[in-house]
Amino acid sequence: MKKLILIMVIAWCLPGGVDAFILKGETHQGPLRISSHYRDLSPGNVIAIMVESPVPSKAWAQFGDKRYHFVSRAGGRSWFTLIDLGLAISPGPHVLRVGVACPDGYEKTFSVTLTVTQRPFPVKQLTVDDRFTVLSPDVLKRVLREKKEIEAVYLAITPSWLGEGGFDVPSRGVLRDNFGEKRLFNGEVRSRHRGVDIGSPQGTEVRASNAGRVVLTGNFYFGGNTVIIDHGAGLFSNYCHLSAILVGKGSLVEKGAVIGLTGSTGRATGPHLHWGFRLYNEPVDPLSVMHLPFEE
Ligand SMILES: [Zn+2]
């Protein structure tokens, strides 16, 4: 009996959630099953959509004005795509379309209505050096140049998956659940917090949260010393305010590889790691990414 209760508890807690959607079809090669997985449907979350047997010849998803590619993992046995619920998405119904074509000629477009829920984001007051709130023309020029450089990286989508299993927290320390926080710097400039912060002493090792390719390293005005890793499928992780960068642009890193050391470079109030993600150029919550069902 105890065993049965335990199994029931595990089943209830299994990834996917009780309201995750499943789509079904019947092809000449056998049944088609499309499953989904997400933490919840509030702003900042990621939806994983998996096409299970038969292997499709083509699959796509459309959500809002974005079209998403499917990529394969597990040796081609599983096809998936990741959809971003952006910080600006409005609560209420939104239509998601998923199209699949199979080698036997089967083709179908499924429509699912997702109800985006409200998510309250706290407001935080922060005090930083005035140079981060009152930008001189030269600094403004630098900030705009860096924004363009960083966005170009996030828009170059790799149509394959480079990750190995699920994502890990990249550094030891106190992880704050502060994605999306509305920030007032010196009581004036508003911005949204596009990641989570891990409080750790200066010089703590920062590790790649998953395998991928280092697509950008450098010193940026707000992010300080930064590393960006491309994991494929439009998903990138970023690590900011580092005191040292220990990887080179273009290198492939394994999950857990040391890529830098924590610090307080850029707009930081003290040593910590800022850990963020972009999916199709939209900031998404690292704690939602941690929920992706990629354990081997
Ligand atoms: Zn941060």
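The values are calculated or read from the model by the stated rules, or taken from the named source; none is laboratory data. A quick note: this is a predicted structure, and the numbers were derived from the prediction, not measured. Glycine also receives a Cβ, built like all others from the backbone with ideal geometry; neighbour counts cover every protein chain displayed.
In the range 268-296, what residues are polar (S, T, N, Q) and more than 9 Å from the chain's Cα centre (by Cα)? Once the filter is applied, which keeps residues that are polar (S, T, N, Q) and more than 9 Å from the chain's Cα centre (by Cα), the range 268-296 yields 269, 281.
Report yes if some residue within the range 177-186 is farther than 24 Å from residue 288 by Cβ, within 13 Å of the ligand (Cβ to nearest atom) and touching a residue at least 40 places away in the same chain (Cβ under 8 Å); otherwise report no. Within the range 177-186 (the criterion being farther than 24 Å from residue 288 by Cβ, within 13 Å of the ligand (Cβ to nearest atom) and touching a residue at least 40 places away in the same chain (Cβ under 8 Å)), the answer is yes, since at least one residue qualifies.
Residue 191 falls short of the stated requirement of being polar (S, T, N, Q) and more than 12 Å from the ligand (Cβ to nearest atom).
Scanning for something under 20 Å from residue 191 (Cα atoms) and of a type outside the set (Val, Ile, Thr), does the range 247-256 turn up at least one residue? No, that holds for no residue.
Which fully enclosed strands (runs of 3 or more DSSP E) of the range 1-68 have 2 or more residues being at pLDDT 90 or above, out of contact with any Gly (no Cβ under 9 Å at 6 or more places or on another chain) and more than 22 Å from residue 284 (Cβ to Cβ)?
Result: 22-27.
Residues of the range 270-296 being assigned to a loop (DSSP other than H, G, I, E, B) and either more than 16 Å from the ligand (Cβ to nearest atom) or surrounded by fewer than 21 Cβ atoms within 10 Å (Cβ to Cβ) (or both), which ones? Residues satisfying the conditions are 270, 271, 280, 281, 290, 291, 292, 293, 294, 295, 296. The number of residues in the range 85-123 that are in a strand (DSSP E or B) and touching a Gly at 6+ places or on another chain (Cβ under 8 Å) comes to 8.
The test for being in a strand (DSSP E or B), under 20 Å from the mean Cα position of the chain (by Cα), of a type in the set (Gly, Ala, Ser) and modelled with pLDDT of 85 or more holds for residue 72. Here 256, 218, 234 are screened, and the one residue that is within 24 Å of residue 51 (Cα to Cα), out of contact with any Cys (no Cβ under 8 Å at 6 or more places or on another chain) and more than 16 Å from the ligand (Cβ to nearest atom) is 234.
Answer yes or no: is there a residue in the range 159-169 that is in contact (Cβ under 8 Å) with a residue 40 or more places away in the chain, within 16 Å of the ligand (Cβ to nearest atom) and in a helix (DSSP H, G or I). No, there is no match, as no residue in the range 159-169 is in contact (Cβ under 8 Å) with a residue 40 or more places away in the chain, within 16 Å of the ligand (Cβ to nearest atom) and in a helix (DSSP H, G or I). Looking only at residues in the range 165-223 that are buried (at least 16 other Cβ atoms within 10 Å of the Cβ) and among the β-branched types (Val, Ile, Thr), which one is farthest from residue 139 (Cα to Cα)? That would be 169.
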